[in-house]
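Report on the structure given below.
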Amino acid sequence: MIDVVIVLTLLALGYGFGTYREKKHFKSIQQREAEYQNIMVFESRFPPEKDKHAGAWLVQGNVVVSADYFKRFVAGLRMLVGGRLRSYETLLERGRREAVLRMKEAAKQQGADKIFNVKFETSSVSKGEGNAVGSIEVLVYGSALKSQ
């Protein structure tokens, strides 16, 4: 009986701490997105020809985000019956948004105000037990432009 209590306590602690850290990270992302909202990001390959720009260069942002134990546990249960893995969806959303912010930060440091031809790459960096997702890396890159 004590073993069950210990497992449930550890799961509750993992869930509580993981949720707290995730909410804190999302809040930080929202604040920084407001700060960098003036840097426009486009997936189109080329900027409009009428736009005059002083220079172009490659900018990138990347992040490695780890899944907490509770997310892995819930995803493992969900894989038994199938369906969406919502616990991993938030992990990917945080990774993508953080990587874009880091790319925008790099562009701002170099004086750019637009980023074109933006591409995303996502990969699993480490595997947990039984090939469960441990950490993911999100890389985003594009061509930064400085308007005249």
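Quick note: the coordinates plus some simple rules give every number you see, no bench work behind them. Everything numeric in this text was worked out from a predicted model, so none of it was measured. All Cβ positions, glycine included, derive from the backbone under ideal geometry; neighbour counts span all protein chains shown.
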>> Taking the beta-carbon count within 10 Å as an exposure proxy, list 114, 104, 27 from fewest neighbours to most.
In response: 27, 114, 104
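Would you kindly calculate the mean projected area, averaged across all directions, of the convex hull enclosing the Cα atoms of the chain, in square nanometres?
Computing the convex hull of the Cα atoms and averaging its projections yields 10.7 nm².
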> Using a basic spin-label model with each label point 7 Å from the Cα along Cα→Cβ, how many nm lie between residue 17 and residue 135?
Replying inline: 1.7 nm
> At 222 nm, what helix-only mean residue ellipticity would the chain give, in deg cm²/dmol to the nearest 500, using -39500 (n - 2.57) for each DSSP H run of four or more?
Replying inline: -17000 deg cm²/dmol
> For a label point 7 angstrom out from the Cα of residue 42 toward its Cβ, which stretches of the range 51-66 have the backbone nitrogen within less than 12 Å?
Replying inline: 51-53
